[in-house]
Amino acid sequence: MRKVDAFWDASALVPLCVAQGASGLVGAASQSRSITAWWGSPVEVTSAFARLFRNQEIDQQDLRLAMTRLTELRRRWIEVQPTGVLRDLAEALLQRHPLRAADALQLAAALVWAKQFPRKRLFVCFDGRLAEAAGKEGFTVETL
């Protein structure tokens, strides 16, 4: 079976690496969807892991396992690299949507991946504000 091409934002990547309530659904979804991610996603995902550890929601062993899983994911995902075009798109997105800078970069990366034609392109996301902006830009948003 051919995998469906999909862009995954950091909020959807975290449950692939750390056991959370949505991890089962996200894991199943990753089996049928390819993963394309933004170049900066590993930094955002690592930040989420560190926050979970600081808040004592995961222990040291869980943190190591999460980092190992992230490394494995990175080996198989397609990564959208930073460019001037991507930066310009992110700046424009910040003027159209109430996004944080990192979320604008995520969405801009998805637009670069979609060659700025997001219609019928899948955007996997658990962040409500980012999901809403992605939908307004024309993506089919999957929040699992």
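Figures for the structure shown
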{"quantity": "In the range 125-140, residue least open to solvent (accessible area, probe 1.4 Å) [restricted to those that are more than 22 Å from Val85 (Cα to Cα) and under 12 Å from the mean Cα position of the chain (by Cα)]", "calculated": "Cys125"}
{"quantity": "Selected residue (only one of Leu63, Leu70 is in a helix (DSSP H, G or I), within 14 Å of the chain's Cα centre (by Cα) and surrounded by 12 or more Cβ atoms within 10 Å (Cβ to Cβ))", "calculated": "Leu70"}
{"quantity": "Qualifying position, being assigned to a helix (DSSP H, G or I) and touching a residue at least 24 places away in the same chain (Cβ under 8 Å), among Pro82, Pro42", "calculated": "Pro42"}
{"quantity": "Residues (out of contact with any Leu (no Cβ under 7 Å at 6 or more places or on another chain) and of a type outside the set (Phe, Trp, Tyr)) located in the range 106-123", "calculated": "Ala110, Ala114, Lys115, Gln116, Arg119, Lys120, Arg121, Leu122"}
{"quantity": "Subset of the range 94-116 [surrounded by fewer than 21 Cβ atoms within 10 Å (Cβ to Cβ) and part of a helix (DSSP H, G or I)]", "calculated": "Leu94, Gln95, Arg96, Ala101, Ala102, Val112"}
{"quantity": "Residue that is within 24 Å of Cys17 (Cα to Cα) and touching a residue at least 60 places away in the same chain (Cβ under 8 Å), where the choices are Leu52, Leu70, Leu130, Leu65", "calculated": "Leu130"}
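The values are calculated or read from the model by the stated rules, or taken from the named source; none is laboratory data. All values derive from a computational prediction rather than experimental measurement. Here the Cβ is made from the backbone with ideal geometry for all residues, glycine too, and neighbour counts use every protein chain on show. To get the accessible areas, we keep the full protein, side chains included, count just its heavy atoms, and leave off ligands, DNA and RNA. Shrake-Rupley method; radii C 1.70, N 1.55, O 1.52, S 1.80 Å.
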